[in-house]
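Novice: Structure below; questions to follow.
Please treat every number below as a calculation from the coordinates, not as lab data. Fair warning: this is a prediction, and the values are worked out from it, not measured in the lab. Note: ideal-geometry Cβ built from the backbone for every residue, glycine included; neighbour counts use all protein chains shown.
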Amino acid sequence: MAIIEVRNLSINYLTDNGTALRAVEDVSLSLEQGHSLGLVGESGCGKTTAMLGLLRLLPAEGRIVSGEVWYGGVDLMRISEREMQKYRWSKMSIVFQGAMNALNPVRKVGDQIAEAILLHEDVDKATASRRVGGLLETVGIIPEMAGQYPHQYSGGMRQRAMTAMALACSPDILIADEPTTALDVMIQAQILNLLQRLQKELDLSIILVTHDLGVVAEICDDVLVMYGGKTAEYASVDVIYNDPLHPYTQRLMQAFPDIDNPTSTLASIPGFPPPLDALPPGCRFEPRCHLRSEICSAENPPLVEVKPDHYVACHQVKG
Amino acid sequence: MEQFKEIWGTFRRRPIGILGGLMLFSVVFIAIFAPWLAPYDPDEKIDVEPGDLLAPPDAEHLLGRDDAGKDVLSQLIYGARVSLTVGFVASFMAMFIGTTVGLVAGYYGGRIGNALMRLVDFLLVIPDLPLMLVFISMWGRGLWKIILVIGLLGWTYTARLVRSQVLSIKERQFVMRARALGASNFRIIMRHIFPQVLPIILAETVLSVSGAIIAESSLSFLGLGDPMLISWGMMLNFAFERAISRMAWWFLLPPGFAIVWVSLGLVLMGSTLEEIVNPRLKSHHLFDPRKMMALVTGMGSRTEVKG
Amino acid sequence: MQRSDYLIRKTFFALATLVVVIVFNFLLFRILPGDPVKIIVRSPRLTREAKEKLTADFGLDKPIWLDAERLGEGDLAGAFDTQFTAYVRALLRGNLGISFRSRRDVAEVLAERVWRTVVLVATGEILALVFGLAFGLVAAWRRGTRLDTTILLWALFSWGLPTFFLGIILLILARGHLPIGGMVIPGLKPEDGWDYWIDVGKHLILPTLTMTIVYTSSYVMIMRSSVVEVLSEDYILTAKAKGLNTFQILRDHALKNAMLPMVTMVALNLGYTVGGVIQVETVFSWPGIGRLMYKAVMQRDYPVLQGTFLLLAVSVIAANLLADLLYSVMDPRVKTE
């Protein structure tokens, strides 16, 4: 049963001179309860924007152009801001990329976590405090640290504290935006183990935004590959790794070091992602594509279900 | 040079800044062409009758007459010269000192830098107007003394500003390169660092001129201006002492409004320049959320989206 | 602990500045040509006893800095028996000299008037802070809208207005409706109880209003830019993601962070505040320290001038130190400096 369904989400950013950058275009996804989805792509491909859009947390220049986000029988794009505030954190929470400044530096960490609890649930302060202690323990931080300030935490601890805070109201969905970037390998492993454990124990549904394919391989059930703001390929993790059909996905897999074949040379994809204010009329990957033909520069390929539960947006791939 | 063209280009499109510039230049114009614009010569000795003292405005004296029977409008026009002169000269002096101190403190750092910054901190803590009062009352009145006093106390803010800019600039690539090529310190400062800091200094200078003009007017109002010259502050001093009981608003208000006019013009110009030179492009998170959703719900203007 | 480090450093700096101010104060009146102190001794207005006392108190018959002769003789203690040490000693005893004009003890005159200025400054500052905070917050939150532009323009306008001129305008406008000069109607005394205090209150309105308007302008601008900076920080997005509404975000996350630069600003503004008080007291004839200084300048009453300057400078230094203390308490990050 899908816990959340996104249909045709499109998001623009307005620039100073009025032009619109098409940051996310026509992205759809469906997340089953207890599953995790990896949202993969290069930096700037729109994955973070899409997630911010889901929670309606875009910056001032952001505009949600169209789309539906179905959760619990409600289209989250149609409700008022006040209604949305009730959904935020209690149903869906997010752990931001690079939690350096994501915690308020002049308030104690414990207070900030308790704040979320007190906001969405009808409990007293003492109960909230106890839960804060429990949450911190879950992520491997001693409860006494609740009375400390963010600058007294190490980088990894802050990331874990943010994760604890994201779980404070037992949400259905956790969005983790680049949870392992800028952390050393040991901490990365910790965080990933944590996420896996939470998924199992709490039946938590996770959307993991990352450009790190290794992470995706470890804990995701499904993968959505984004390029230039659009969906390139969408399938289960096994299919993506063993049978990637979109040329971009194929190159990504090639660029990823294979532990079984350490001597093969790493391939990188030449060229750069398209500038969002000067998008080509055809396929956005076409300039860098190794399979391109004439139609590719003329027409945008639609997302097609070429095999059961395997979606690809490429003219060269037929069902 | 390129960056100045850029700055001018952006400035041209900011109506508030342009308005400020016009306000300023109108006064500069008046000051320069004072002898041709003023209906009377304030220094000229005239015969007055008792009825002429503090006479209200009429056809021959558009702003009436002061307590000595002289034309207020002419004094106002000539007063522009003194106020503007003090303002600009004192301010440039302060800028010069401040920039030098800031460049040295920022570039050389270490003991010199620290010592200079301690000096800045000292001066910042000591209250300005009382110090100026004490100086002038001990030293005597005079145009240059006022300029010096204002200039010597006004450089601290610039010094701090310049220093913090230099600190961030000197770590940049092109400076490292210049050093590696063996350029002398002086050359590096003048040819590489200074041009980068100049736009900010200029924006700051415009603002500081307004501060200097106000400082001069305050000192003159309190009776410490150059007794040989008319400035707006001095006019207000006389007006306050002698005209307040008669409520001679034509003498009391125009000099003050003149100060406000110039000051406002400078502040508008300066703030605009500052914004251009030092942009804070970050948008913040608490804007109206309905804008974000407008296209989906269909309740916003569609003209926002082009292309 | 590191916070005490910070405080020790700031206290040391305050004391050092104090020393510099004292030395400067001393020098100014001794070194300049036409040494005014010597003038006293020749002034026909003072009695002989007064002159002798002054000479004794301030060592006017001794060398200024250092007695080179006695130093040469190895008499270290005697070498420092100079005007400067006499001055410092007198200072420590609270002796600030005698007013040329009134022949009263300068310290006494100051003590009398101090509270009048304090009342004025305190009321003005508190009101200005409250308004500055409120308007700055609103302007930042509604950044880019007409409300913001209006508030900003108003702040810029009143910032560019000379304090004394604002006072004059208010004086002209309020004439006939509010008392425009002095502190109290002649004849009323504190013994008259409520009547006295109400009258003082009435006289306080215009000067306080002037101060408030002038100070609010800079606080509005600082608060506004501070809040705008804070509102673009990541933790505000986190707060929003948690489901807090705008009011809650402003109150629980933005305010405290935005107020930190305000504390520094109040401190930095103090010198400017003092300048304002001198002007306001002069325009409204409010009998405080500011007006005293003005009169001392006009009447060339150098001991009073010296005394007021010292008092004002010391107040600003002390207030700055207080602000540093307050800042260190408010910002939990002040552990490393």
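Novice: Considering the dipole of chain C built from charges on the beta carbon (Lys and Arg +1, Asp and Glu -1) around the Cα centre, which of C:263, C:283, C:325 is farthest to its positive end?
Specialist: Comparing the listed Cα positions along the dipole, C:283 ranks first.
Novice: Hey, what's the Kirkwood Rh for the protein assembly as shown if you take every pair of different alpha carbons, in angstrom?
Specialist: For the protein assembly as shown, inverting the mean 1/r across all distinct Cα pairs yields 33.1 Å.
Novice: While we're on this one: For chain B, the longest stretch holding no GluC sites (Glu not before Pro) located in a DSSP loop with at most 14 other Cβ atoms within 10 Å is which?
Specialist: Free of exposed loop sites, the longest segment is B:172-307.
Novice: Quick check: convex hull over the Cα atoms of chain B, volume per residue in Å³, rounded to an integer?
Specialist: So the per-residue hull volume is 231 Å³.
Novice: When the C-alpha atoms of chain A are aligned to their principal axes, what extent does each axis show, in angstrom, from largest down?
Specialist: 66, 50, 40 Å, listed from the longest principal axis down.
Novice: While we're here: Filter the trypsin sites (Lys or Arg not before Pro) in the range B:1-34 to those in DSSP coil with at most 15 other Cβ atoms within 10 Å of their Cβ, and list the result.
Specialist: Qualifying residues, ordered by number: B:13.
Novice: So, in nm, how far is label residue C:85 from label residue C:8 when the simple model puts each one 7 Å beyond its Cα toward the Cβ?
Specialist: Here the answer is 3.0 nm between the modelled labels.
Novice: Determine, from the Cβ-Cβ distance of residue A:1 and residue A:253 and an R0 of 35 Å, the FRET efficiency 1/(1 + (r/R0)^6), rounded to the nearest 0.05.
Specialist: 0.70
Novice: So, one more: Restrict the search to the range B:1-70; then list the chymotrypsin sites (Phe, Trp or Tyr not before Pro) that DSSP places in a loop and that have at most 12 other Cβ atoms within 10 Å of their Cβ.
Specialist: B:33
Novice: Just how large is the dipole of the protein assembly as shown about the Cα centre, in debye to the nearest 20, putting +1 at every Lys and Arg Cβ and -1 at every Asp and Glu Cβ?
Specialist: Charge dipole, the protein assembly as shown, about its Cα centre: 1720 debye, nearest 20.
Novice: Another one. From the phi angles alone, apply the Karplus equation (6.51, -1.76, 1.60; θ = phi - 60°) to the range B:166-181 and give each ³J(HN,Hα) in whole Hz, x where the residue is Gly or Pro.
Specialist: 4, 4, 7, 6, 5, 8, 7, 3, 5, 6, 4, 4, 4, 5, 4, 7
Novice: Using only the Cα atoms, what convex hull volume per residue in Å³ does the range A:100-170 have?
Specialist: 75 Å³
Novice: Please find the FRET efficiency linking residue C:314 to residue A:181, where r is the Cβ-Cβ separation and R0 is fixed at 51 Å, and quote it to the nearest 0.05.
Specialist: So, using R0 = 51 Å, E works out to roughly 0.40.
Novice: Considering only B:34, B:56, B:88, whose Cα is most displaced toward the positive end of the charge dipole of the range B:1-122, charges sitting on Cβ of Lys, Arg (+1) and Asp, Glu (-1)?
Specialist: So the residue furthest toward the plus end is B:88.
Novice: Over the Cα atoms, compute the radius of gyration (one decimal) and Dmax (the largest Cα-Cα distance, rounded to a whole number) for chain C, in Å.
Specialist: 24.8, 81
Novice: Using the Cα centre as the reference, give the magnitude of the dipole from point charges on the C-beta atoms of the range A:100-170 (Lys, Arg: +1; Asp, Glu: -1; all else neutral), rounded to the nearest 20 debye.
Specialist: Using Cβ point charges on Lys, Arg, Asp and Glu, the range A:100-170 gives about 220 debye.
Novice: Applying 1/(1 + (r/R0)^6) with R0 = 51 Å to the Cβ-Cβ distance of residue C:285 and residue B:275, what FRET efficiency is obtained, to the nearest 0.05?
Specialist: 0.80
Novice: Something else now. Quick one, can you get me the convex hull of the C-alpha atoms of the range B:48-91 expressed as volume per residue in Å³?
Specialist: With only Cα atoms used, the range B:48-91 gives 68 Å³ per residue.
Novice: For labels at residue B:43 and residue B:119 in the simple 7 Å Cα→Cβ model, what's the distance in nm?
Specialist: Label-label distance for residue B:43 and residue B:119, simple model: 3.9 nm.
Novice: If the only charges are +1 at each Lys and Arg Cβ and -1 at each Asp and Glu Cβ, what is the size of the charge dipole of the range C:249-329 around the Cα centre, to the nearest 20 debye?
Specialist: I would put it at about 120 debye.
Novice: Now for a separate question. Just to confirm the filter: which trypsin sites (Lys or Arg not before Pro) across the range C:291-323 are DSSP coil and have at most 15 other Cβ within 10 angstrom of their Cβ?
Specialist: For trypsin sites (Lys or Arg not before Pro) across the range C:291-323 that sit outside H, G, I, E and B with at most 15 neighbouring Cβ atoms in 10 Å, the list reads C:300.
Novice: How far apart, in nanometres, would the label points at residue B:164 and residue C:57 be if each is projected 7 angstrom from Cα along the Cα-to-Cβ direction?
Specialist: Here the answer is 4.5 nm between the modelled labels.
Novice: Another question, if that's okay. Hey, what did the range C:206-280 get for relative contact order, percent, Cα under 8 Å, at least 6 apart?
Specialist: Reported as a whole number, the value is 46 percent.
Novice: Another question, then. If a helix is a whole DSSP H run, which ones in chain C reach 27 Å or further along their own axis (Cα) and hold a mean Kyte-Doolittle hydropathy of at least 0.5?
Specialist: Qualifying helices, which must be both long enough and hydrophobic enough, are C:2-31, C:106-141, C:194-231, C:255-283, C:302-330.
Novice: With each run of n ≥ 4 DSSP H residues scored as -39500 (n - 2.57), what mean residue ellipticity at 222 nm is computed for the protein assembly as shown after dividing by its residue count and rounding to the nearest 500 deg cm²/dmol?
Specialist: -18500 deg cm²/dmol
Novice: Note the angle between two axes, namely the Cα long axis of helix B:143-153 and the longest principal axis of the Cα atoms of chain B, as a number of degrees from 0 to 90, rounded to the nearest 10.
Specialist: That helix lies at roughly 30 degrees to the long axis.
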